[in-house]
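Trainee: Would you mind keeping the following structure in view while I ask a few things?
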Amino acid sequence: MDVGTLLGVFGCLGLVLGAIMMGGSILAFVDVPSILIVIGGVVLVTFVMFPMQTVFNSFKVAMKTLFSSAPDPTRIISQILDLANLARRESLVALEKASVDNEFLNKGVLLVADGTEESLLRSILETEIAFMRQRHSYGQNILKQMGNMSPAFGMIGTLIGLINMLGALDDPSNIGPAMAVALLTTFYGAVMANVLFLPMATKLEARSAEEVLYMEIIVEGVVSILHGENPRLLQDKLEAFLTPAKRTGGD
Amino acid sequence: MDVGTLLGVFGCLGLVLGAIMMGGSILAFVDVPSILIVIGGVVLVTFVMFPMQTVFNSFKVAMKTLFSSAPDPTRIISQILDLANLARRESLVALEKASVDNEFLNKGVLLVADGTEESLLRSILETEIAFMRQRHSYGQNILKQMGNMSPAFGMIGTLIGLINMLGALDDPSNIGPAMAVALLTTFYGAVMANVLFLPMATKLEARSAEEVLYMEIIVEGVVSILHGENPRLLQDKLEAFLTPAKRTGGD
Amino acid sequence: MDVGTLLGVFGCLGLVLGAIMMGGSILAFVDVPSILIVIGGVVLVTFVMFPMQTVFNSFKVAMKTLFSSAPDPTRIISQILDLANLARRESLVALEKASVDNEFLNKGVLLVADGTEESLLRSILETEIAFMRQRHSYGQNILKQMGNMSPAFGMIGTLIGLINMLGALDDPSNIGPAMAVALLTTFYGAVMANVLFLPMATKLEARSAEEVLYMEIIVEGVVSILHGENPRLLQDKLEAFLTPAKRTGGD
Amino acid sequence: MDVGTLLGVFGCLGLVLGAIMMGGSILAFVDVPSILIVIGGVVLVTFVMFPMQTVFNSFKVAMKTLFSSAPDPTRIISQILDLANLARRESLVALEKASVDNEFLNKGVLLVADGTEESLLRSILETEIAFMRQRHSYGQNILKQMGNMSPAFGMIGTLIGLINMLGALDDPSNIGPAMAVALLTTFYGAVMANVLFLPMATKLEARSAEEVLYMEIIVEGVVSILHGENPRLLQDKLEAFLTPAKRTGGD
Amino acid sequence: MDVGTLLGVFGCLGLVLGAIMMGGSILAFVDVPSILIVIGGVVLVTFVMFPMQTVFNSFKVAMKTLFSSAPDPTRIISQILDLANLARRESLVALEKASVDNEFLNKGVLLVADGTEESLLRSILETEIAFMRQRHSYGQNILKQMGNMSPAFGMIGTLIGLINMLGALDDPSNIGPAMAVALLTTFYGAVMANVLFLPMATKLEARSAEEVLYMEIIVEGVVSILHGENPRLLQDKLEAFLTPAKRTGGD
């Protein structure tokens, strides 16, 4: 569970609700047609911008990435070292029976146990990395475009409200509440863009870079297991991928 | 028929109409001079921005791409495999009589049946891909620029309306309706840009990438047929272009 | 004469005039000090942004390119073929007496008649292309910056009008007309940027790409004449530069 | 202590306070809920945009860099020359006992004293430079995004205030003060973005380039010490990294 | 003296003054606290954005470049030809006594007279060019960022004015003048950005490209003098750097 995403999103929404309630009633900020035109408009226009199937897939990938916590690189490295020790004590074939929870590491280990050559092993695992990176970048692009479209549909809703209000300007005492309702869609659009879509697109970028790093650590580790490298040297090699603070020995 | 484009465009327009009718009359949103200046202005300024012939051609290409459904890659791969089997059973010349509905695949197959060499075959087919990509990118650029010009002409129309209204400020009861009409062009411009032009430019980009992918699958397939490669290996090779979910064997 | 540029510019201006006259009088949109500050300001600030001599030269180049019609590539190719035939029938020296209206083709043909070697010939002609491309890109940059400065000076004019009006708010009945005048500069700036400068910068880019293409066709043609290549093969080679629709044989 | 950052930030805040107090009371510009929504919103949304641990680390790095003064390159060069003389007079091993306050230079000198080879020495030191550059660029990106989010949360706060005010428009005499409070969040967002976050991101970029330059001088110096180069030639070599004005001999 | 920069800046300011005086009094546009917050804020925030020493140096460089007239390339070429003739008539050493006013050409000539080898000569002169280009690009970046900050501080000033005015809305007759004063900072910011900072950043870019060109002509010329090349060939070589219109022989 990624604490930051949840804390940030619900904290921001809490602050917004607090600010609303300090100055008036929350009911004044709920207007079903306004909600429909902004949320509905942004969702529908996403299907004009991207193939439908891609939207569903990328969204699933994005949500999983945003709300799951990042894998712990030191845990992955210690798992790789255990596997390297196992392979040296017994044999590469023994790896087949090892239970590995990380799906990507598992795939690599099974390929090693099958006696796959280094060049093929690297090519298979790096293709996987490339596909994951592409899926993430697609998800990121979709979130960014939804973030751009939210204020646009907010403005369209506000223009509809203003034109309706101005065209029927009989009762001046009605102007205030009508303008309040017209501004609601601009408010919804601003919150959706700046609390949800745009920040999530930024987080997805950082998270994608992290996952690529972990997968690259795994590729190096698996290739070293295949060559039966010394686990102590292997640890140094893998920890070079980490920032100094995260290395076991410090430096 | 691309369901997403149609659903998105008509869904958004439906939401906009719904929001209009909940708060007033649809008639208040129809003003012929306002429609003329925004739609007419955007169309005319497109001829200042791009050569006329290019505008017409690119528009045709863009519409065909946006509203036709994407070719199914698995169907194309199975067609290529059928042709590969035919060529191995009979001969390359037999391909001439095969009926292939995909125009690009057909062109490639006829070249193979004519005994064209690999290097020439690749060069002819890749030139075709390059031209298609260029036509798509031209169409995309035109849609993007029309999307940028729509709010600009909306603002020009609103400024004309405001200046006219302010210059003749005799009857205060007239201000509201006059401002409502002035805002109409801003509204038209916002809807045109954010429901039509900009999202379509984004979809065209995704669709163009898809078509290029399918054409590259066809180039690889046709070259393999020319070399009489094993259809089983050919299938693996072509499916490597697809995301894992779409491969026949999964992975 | 480039029909698109003229049709677009005058069509847009016509639409703007029509919209003005439907809602009021054209006289309300003419204010000499407002015209002075926007047009004068944009012209003067261009001399701060670019060396004066460059502004004059680039402007001349841009106007010539925008309002002249594009050369017809098929006519150029047929001219090159005539020259190739002439050179094969008589001799390279005979080219000296051929009358060629395209200045760049003429230069190339004279160099061939003088017996210039291929490498020198290419280098001279490609330097010419590079210079033309640079002049066009300079002109394009100037138009783009003028397009950015137009709304800025429009806003400066409107701010002056608003501050003057607000500072002397004695007679409320005067507010409307004063604000109308203040908004005029914003209106002028929006029209100048979106009907003239920005669209022309975009057209100049497309037109420059076209001219470069024609000049590259000429370079290939002139080099082939120098080598005495077969005119039939030469035609195929030159038409490969064109989109399929424009080739004589179709494809 | 970087005088510029402190002078700029406190000078700007002083000017803002002065302008506030000349036209009214500072109390009118303090509103706790408004402060909460802008500052709280920007901080919380940063945790949606970046992994929490990264935010804390990068912030610490950024602050240290912004408020500490830049190292003096001539002092570093003279320190390197002293070390070079020491190494030539005594031996490379003697460097171990030299006291060097610059941490990076110290690390390099110890590696030389340990007899590390040039290629390994360079690789270790350049990895360090790459890590520092990455930490700085992360910090810069976080500051930039906080600068983009500040006006966005300012606008969200203002929209909440406006909608609350317009929905309860009973007492016209209340409009002014309510709008003043609504505008406060826009004001806070503008000051935070333009006085703090965006300028600091720009400074961090310049400061990072400076530090990289000093570290590159140290790498060259340490390698020269390893090779026992002539200190006079070493000085020329290191001063070539400086602008002419900072060189001892001028030029 | 660069006529364009002066004409443009003072012409624009003249137009602005004219527009102000046609509609009111120039006194209504002078407000000391408003001037302080915009000009003072932009200057102070520049010290947050860039190291102080860099700001002062770059500003000096930028001003010298903007207000001095561009060197005349044909004059430089004729000077180089004179020096080449002198070196051929007498000797390379004779160059030492030649009086050359262009500082960069002088430096190159002295190096030649000292018998510097070509590779060292080129490296020294090109380092000089690289440093100048970097100083110019730094100055340009500072001007651009000041241009971005001017409207931001204009808006901050206007928000302070508006909040003060709205919070003390007792006397309605006071609204107009108070809003006029509040808008002054927006006006100052718009003029500073669009008449001074942004256009000067653009001019500095063009001027820097010109100076680099002249310095490259000098490098080629000095190297040719070193090799004792034929002055006639040297002239052709150097004029190839100029646009056709500026060459002595035309083409």
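The values are calculated or read from the model by the stated rules, or taken from the named source; none is laboratory data. Every value quoted in this text rests on a predicted model; they were computed, and no experiment measured them. FYI the Cβ positions are ideal-geometry reconstructions off the backbone, even for glycines, and counts take in every protein chain you see. These area figures cover heavy atoms from the full protein model, side chains too; ligands, DNA and RNA do not enter into them. Shrake-Rupley method; radii C 1.70, N 1.55, O 1.52, S 1.80 Å.
Trainee: If we scan region B:234-241, do we find a residue that is within 11 Å of chain A (Cβ to nearest Cβ), of a type outside the set (Phe, Trp, Tyr) and not in a helix (DSSP H, G or I)?
Mentor: Yes: region B:234-241 contains one or more residues that are within 11 Å of chain A (Cβ to nearest Cβ), of a type outside the set (Phe, Trp, Tyr) and not in a helix (DSSP H, G or I).
Trainee: Filter region B:33-46 down to the residues that are at pLDDT 90 or above, surrounded by fewer than 23 Cβ atoms within 10 Å (Cβ to Cβ) and more than 20 Å from the chain's Cα centre (by Cα) and list them by number.
Mentor: Keep residues of region B:33-46 that are at pLDDT 90 or above, which gives B:34-46.
Filter again for surrounded by fewer than 23 Cβ atoms within 10 Å (Cβ to Cβ), leaving B:35-36, B:39-40, B:43, B:46.
Correct list: B:Ile35, B:Leu36, B:Ile39, B:Gly40.
Trainee: Looking only at region D:103-127, filter to residues that are farther than 17 Å from D:Ala84 by Cβ and aliphatic (A, V, I, L, M); which one of those is most open to solvent (accessible area, probe 1.4 Å)?
Mentor: For region D:103-127, the residue satisfying everything is D:Leu120.
Trainee: Moving to a separate point now. Any residue at all in region D:64-80 that's open to solvent by 30 Å² or more (accessible area, probe 1.4 Å), out of contact with any strand residue (DSSP E or B) (no Cβ under 9 Å at 6 or more places or on another chain), in a helix (DSSP H, G or I) and closer than 20 Å to D:Lys203 by Cα?
Mentor: yes
Trainee: Take C:Ala193 and decide whether it is closer than 30 Å to B:Leu159 by Cα and at pLDDT 90 or above.
Mentor: yes
Trainee: Write out, first by first residue and then by second, each pair whose Cβ atoms fall under 7 Å of each other, whose residues are 6+ apart or on separate chains, and whose first residue, in region B:1-24, is under 20 Å from A:Ser34 (Cβ atoms) while the second is open to solvent by 10 Å² or more (accessible area, probe 1.4 Å) and β-branched (Val, Ile, Thr).
Mentor: Filtered contacts from region B:1-24: B:Val16/B:Val191; B:Leu17/B:Ile26; B:Ile20/B:Ile26.
Trainee: Can you pull out the residues in region D:65-90 that are at pLDDT 85 or above and among the aliphatic types (A, V, I, L, M)?
Mentor: D:Ile76, D:Ile77, D:Ile80, D:Leu81, D:Leu83, D:Ala84, D:Leu86, D:Ala87
Trainee: Can you give me the number of residues within region D:138-149 that are open to solvent by 60 Å² or more (accessible area, probe 1.4 Å) and of a type in the set (Gly, Ala, Ser)?
Mentor: Residues that pass the stated criteria total 0.
Trainee: Go through region D:25-42 residue by residue and tally those that are touching a Leu at 6+ places or on another chain (Cβ under 6 Å), of a type in the set (Val, Ile, Thr) and without any contact (Cβ under 8 Å) to a residue 40 or more places away in the chain.
Mentor: Number of matching residues: 0.
Trainee: Here are the criteria: (1) more than 30 Å from E:Gly154 (Cβ to Cβ); (2) part of a helix (DSSP H, G or I). Tell me which single one D:Ile39 does not satisfy.
Mentor: (1)
Trainee: Here is a check on your reading of the model: is A:Val100 assigned to a loop (DSSP other than H, G, I, E, B), surrounded by 12 or more Cβ atoms within 10 Å (Cβ to Cβ) and not hydroxyl-bearing (Ser, Thr, Tyr)?
Mentor: Yes.
Trainee: Of all residues in region A:161-210, which are of a type in the set (Asp, Glu) and open to solvent by less than 50 Å² (accessible area, probe 1.4 Å)?
Mentor: Selection gives A:Glu210 alone.
Trainee: Follow-up. Residue check, D:Val93 against (1) open to solvent by 20 Å² or more (accessible area, probe 1.4 Å); (2) at pLDDT below 85; (3) at the interface with another protein chain (Cβ under 10 Å from one of its Cβ atoms), all met but one. Which one?
Mentor: The failed condition is (3).
Trainee: Same structure, new question: Return the only residue of C:Lys60, C:Lys107 being at pLDDT below 85, part of a helix (DSSP H, G or I) and away from chain B (no Cβ under 11 Å).
Mentor: Criteria check complete, one pass: C:Lys60.
Trainee: Applying the selection to region C:147-174, what residues are at pLDDT 80 or above and of a type in the set (A, V, I, L, M)?
Mentor: Within region C:147-174, C:Met149, C:Ala152, C:Met155, C:Ile156, C:Leu159, C:Ile160, C:Leu162, C:Ile163, C:Met165, C:Leu166 qualify.
Trainee: Would you please name the residue that is nearest to the other protein chains (Cβ to nearest Cβ), looking only at residues in region B:125-168 that are polar (S, T, N, Q) and within 16 Å of the chain's Cα centre (by Cα)?
Mentor: Restricting attention to region B:125-168, the residues satisfying the condition of being polar (S, T, N, Q) are B:127, B:134, B:137, B:140-141, B:145, B:148, B:150, B:158, B:164.
Retained after the next criterion (residues that are within 16 Å of the chain's Cα centre (by Cα)): B:134, B:137, B:140-141, B:145.
Numbers: B:Gln134: 9, B:Ser137: 12, B:Gln140: 12, B:Asn141: 9, B:Gln145: 6 Å.
Checked region B:125-168; the qualifying residue nearest to the other protein chains (Cβ to nearest Cβ) is B:Gln145.
Trainee: Follow-up question, since we're still on this one. Give all pairs with beta carbons closer than 6 Å in which a residue from region C:186-198 that is facing chain B (nearest Cβ under 7 Å) meets a residue that is of a type in the set (Gly, Ala, Ser); count only pairs at least 6 apart in sequence or on separate chains.
Mentor: Listed by first residue and then by second, the contacts come to C:Thr186/C:Gly154; C:Asn194/B:Ala152.
Trainee: For region C:169-184, how many residues meet the condition of being at the interface with another protein chain (Cβ under 7 Å from one of its Cβ atoms) and either aromatic (Phe, Trp, Tyr) or under 13 Å from C:Val38 (Cα atoms) (or both)?
Mentor: The qualifying residues number 2.
Trainee: Could you please tell me which pairs satisfy a Cβ distance under 7 Å, a separation of 6+ or placement on different chains, a first residue in region E:207-220 that is closer than 22 Å to E:Asp2 by Cα, and a second residue that is assigned to a helix (DSSP H, G or I) and open to solvent by 40 Å² or more (accessible area, probe 1.4 Å)?
Mentor: Here the result reads E:Ser208/E:Arg133; E:Val212/E:Arg133, each pair linking region E:207-220 to a residue that is assigned to a helix (DSSP H, G or I) and open to solvent by 40 Å² or more (accessible area, probe 1.4 Å).
Trainee: Same structure again: Show the residue pairs meeting these rules: Cβ distance below 6 Å; 6+ apart or different chains; first residue within region B:108-124 and within 16 Å of B:Gly228 (Cβ to Cβ) and among the hydrophobic types (A, V, I, L, M, F, W, C); second residue part of a helix (DSSP H, G or I) and open to solvent by 20 Å² or more (accessible area, probe 1.4 Å).
Mentor: B:Val112/B:Leu92; B:Val112/B:Leu226; B:Ala113/B:Leu92; B:Ala113/B:Val93; B:Ala113/B:Glu96; B:Leu121/B:Leu111
Trainee: So, of the residues in region C:1-32 that are within 7 Å of chain B (Cβ to nearest Cβ) and within 21 Å of the chain's Cα centre (by Cα), which turns out to be surrounded by the fewest Cβ atoms within 10 Å (Cβ to Cβ)?
Mentor: In this case the residue turns out to be C:Val3.
Trainee: Restricting to region D:47-57, name every residue that is free of Cβ contacts under 8 Å to residues at least 24 places away in the same chain, in a helix (DSSP H, G or I) and either more than 26 Å from the chain's Cα centre (by Cα) or crowded, with 18+ Cβ neighbours inside 10 Å (or both).
Mentor: D:Phe47, D:Val48
Trainee: Out of B:Ala130, B:Ala152, report the one residue that is part of a helix (DSSP H, G or I), free of Cβ contacts under 8 Å to residues at least 60 places away in the same chain, within 30 Å of B:Gly189 (Cα to Cα) and open to solvent by less than 60 Å² (accessible area, probe 1.4 Å).
Mentor: Within the list B:Ala130, B:Ala152, the selection yields B:Ala152.
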